[in-house]
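Taken together, the values in this text are just the output of simple stated rules run on the coordinates, not laboratory data. Computed from a predicted structure; not experimentally measured. Cβ placement follows ideal geometry from the backbone for every residue including glycine, while neighbour counts extend to all protein chains displayed.
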Amino acid sequence: MEQNERIIAMPTAANLLGDRELVTAAVHVAGAADATRAVQSVLQHYPDLEQLAAATVNEVAALPGLSSTVAQKLLLMVELGCRAQSRLAVRHGKVVSAGELGSTMIRHFAGRTYEEMLILYLDVKNQIIKQETVSVGGIESSLIDQRVLLRKAILYGAAR
């Protein structure tokens, strides 16, 4: 097996790879003619992968070793990774970060024409004990008795 094939054949261990290895695999999959040069230029210009996620196809295609097609494929892979990560805000029943949870909730409630109060009861490790819709209201408000909410939190043994 060639070295390029070996890097690409490790999708189950992708979370163990560093940025260089991930960019190398992505550039190979995207079909860059000079992968070594492409990887070097991507990592030099975008040392933080968040910057790469914000780049345009034209900006990435202007880098040495990258064509417009390769840049487009690379950014599609980055976007796929960003979307997958954003959907992991509640990962395996655990809240990872407030920002990611907020983004997930925005998508969850998008398009609703009514107010809804969704409660996540968490333990001390931010693992979800229970997810519950406790109130559905009109277009402007949703009512909930705080005593009922606190009683349920105590009943479920929630810490947060």
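Available extension along the chain between residue 94 and residue 67 is 5.7 nm, counting 0.36 nm per residue and deducting the alpha carbon span. When restricted to Cα atoms, the range 90-156 yields an Rg and a Dmax of 12.9, 34 Å, respectively. Within the range 65-160, the GluC sites (Glu not before Pro) that combine a DSSP coil assignment with at most 16 other C-beta atoms in a 10 angstrom radius are 115, 140.
With θ taken as phi - 60° and the Karplus curve 6.51 cos²θ - 1.76 cosθ + 1.60 applied, the whole-hertz 3J(HN,Hα) list for the range 67-80 is 8, 4, 5, 5, 4, 5, 5, 4, 5, 5, 5, 5, 4, 4 Hz, x standing for glycine and proline. Distances between placed amide hydrogens fall under 5 Å for residue 115 paired with 137, 138, 139, 140, 141, all partners being 5 or more residues away or on another chain. Highest mean packing first, where packing is the average number of other Cβ atoms within 10 Å per residue, the peptides 55-61, 123-129 line up as 55-61, 123-129. Using θ = phi - 60° in the Karplus curve 6.51 cos²θ - 1.76 cosθ + 1.60, the 3J(HN,Hα) couplings for the range 33-38 round to 5, 10, 4, 4, 5, 5 Hz; x is entered for Gly and Pro. Here the contact order of the range 62-160, divided by its residue count and restricted to Cα pairs under 8 Å and six or more residues apart, works out to 21 percent. Computed over neighbours whose Cβ is under 10 Å from that of residue 134, the net charge equals -2, Lys and Arg +1, Asp and Glu -1.
With R₀ set to 45 Å, the beta-carbon distance separating residue 82 from residue 141 gives a calculated FRET efficiency near 0.85.
Treating r as the C-beta distance of residue 129 and residue 19 and R0 as 41 Å, the FRET efficiency rounds to 0.70. Shown is the FRET efficiency for residue 118 and residue 56, computed with R0 = 45 Å from the Cβ-Cβ distance and rounded to the nearest 0.05: 0.80.
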